[in-house]
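Trainee: Here it is: the structure, laid out below.
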Amino acid sequence: MKPFLRSIFLTSAAVSTLLGAFSSLVLAGPEPRSYELLPQGTSAPHLFAENVISTPDDEEGGVFSPDGREFYFAKLNPTTTFPKLGLLCVARWLNGKWATPEALPFSGQYLDFPPRFSPDGRTMYFASSRPAPGTSARVLRIWKVEKTANGWGEPSVLPAPVNAPQDRWNWGASVTQDGTLYFTSDREEQGRPKIYRSRLLSGVYQQPEKVEAAVNSEFNDFDPFVNADETLLFFVAAGDDPAEGHHREGVVYTGGFPYARGDIYVSRNVNGHWTAAQHLEHGVNTFADEGYPALTPDGRHLIFSSARSMFQVPVAHRLTMEELERNLHGLQNGGGNIYTIPVKALFGKDSQKERRP
């Protein structure tokens, strides 16, 4: 082949290759974030990341990083003593699947409760039984840790008036776009956990105020999750004496002798006020313990924990030893697992706010 023909041929081939690659990119579009791949067309809870994140162990909570490449949650040891060991973990989205979770470098010695992120994903908030500087009181306190170029820094305890008084428990922090902190505290005299809100002004947390009665009740209300624009508030409520009929309206009590365990509720912010809390349906709440509600970064899915299993009493039929062993060592054995459900299944497709970070 003559040199100039070879040049034209090679140039044409190169252009064709480039056009083909460009067409493939256009057709494929950007790689979806991991949370965009969660089941959309279902109206029932879906077990998340089976046998990788949700396992026969006890997993609680769960939040995605804004880019969807990481999922953070807690793994608890199986014991009835307190405090438990709560290990903060991260699983990474690699090659279209979740890799084996790893422990966060600052966790693994105390009871660390599941984390929540600031809307930009740069600050992690979590509760821990670890000792705080200057005090010997062993209580749950709210801590934060900043994202760095090399991972995560060292946790620091939030100052008063959030973590106050020093002998009271504070946990379950969730943050809005403007830095307002929603959290749980038992700081009142009767010691019942309630949901509080502390505004952030000029970098200083203001005196916490108890959220209105539409959210807080005469029972135990805790583990709030507020979205970035402060329009939706999910939380957990549990009664004190359900055997006497003392429990929050809507709570599910089946599966044997009733006991005070958590159900998930939601409230909307309308004209600056929270509406009467709504008990979530569609299989979110069961006779088991549900908790740690959160939203995916795009607001399309609710993430929550549940200890549901087949072991309600009496069970549907008499179990054989084979069935018992299979269920005791299976995913739904009564330990915590993580579930997701589309928000549109809870509220209807017209009510959700879609946003992409």
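Bear in mind these aren't lab numbers, they're just calculated from the coordinates by the rules spelled out. The model shown is predicted, which means the values in this text are computed figures rather than measured ones. Don't worry about glycine lacking a Cβ; one is built from the backbone with ideal geometry, like all the others, and counts go over all protein chains shown.
Trainee: Assuming 0.36 nm per residue, please report the length gained on full extension of the stretch Arg318 to Lys210 beyond their Cα-Cα distance.
Mentor: This chain segment gains 34.1 nm when fully extended.
Trainee: Would you mind putting 213-223, 193-203, 109-119, 297-307 in packing order, based on average other-beta-carbon counts within 10 Å, highest first?
Mentor: Ranking the peptides 213-223, 193-203, 109-119, 297-307 by packing returns 297-307, 109-119, 213-223, 193-203.
Trainee: Can you give me the Cα centroid spacing of the stretch 191-214 and the stretch 119-155 in angstrom?
Mentor: Between the Cα centres of the stretch 191-214 and the stretch 119-155 lies a distance of 19 Å.
Trainee: While we're on this one: Taking 7 Å along the Cα-to-C-beta vector as the label spot, tell me the His46-Glu31 distance in nanometres, rounded to one decimal.
Mentor: 2.0
Trainee: Assuming R0 = 45 Å, can you tell me the calculated FRET efficiency for the pair His273 and Ser202, based on Cβ-Cβ distance, to the nearest 0.05?
Mentor: The calculated FRET efficiency here is 0.95.
Trainee: Something else now. Looking at the stretch 39-347, send over the antiparallel percent of its DSSP beta bridges, to the nearest 5.
Mentor: Just about 95 percent of them are antiparallel.
Trainee: Going by how many other Cβ atoms sit within 10 Å of their own, how do Leu88, Leu324, Leu76 line up, fewest first?
Mentor: Going from sparsest to densest Cβ surroundings: Leu324, Leu76, Leu88.
Trainee: Rounded, prolate or oblate: which fits the stretch 39-347 when a ≥ b ≥ c are the square roots of the eigenvalues of the alpha-carbon gyration tensor, with rounded for a/c under 1.5 and prolate only if a/b beats b/c?
Mentor: rounded
Trainee: Want the number for Asp120 to Phe82: 0.36 nm per residue separation, take away the alpha-carbon distance, what's left?
Mentor: 10.3 nm
Trainee: Kindly give Rg over Rh for the stretch 79-234, based on alpha-carbon atoms, with the Kirkwood expression for the hydrodynamic radius.
Mentor: Ratio value, two decimals: 0.97.
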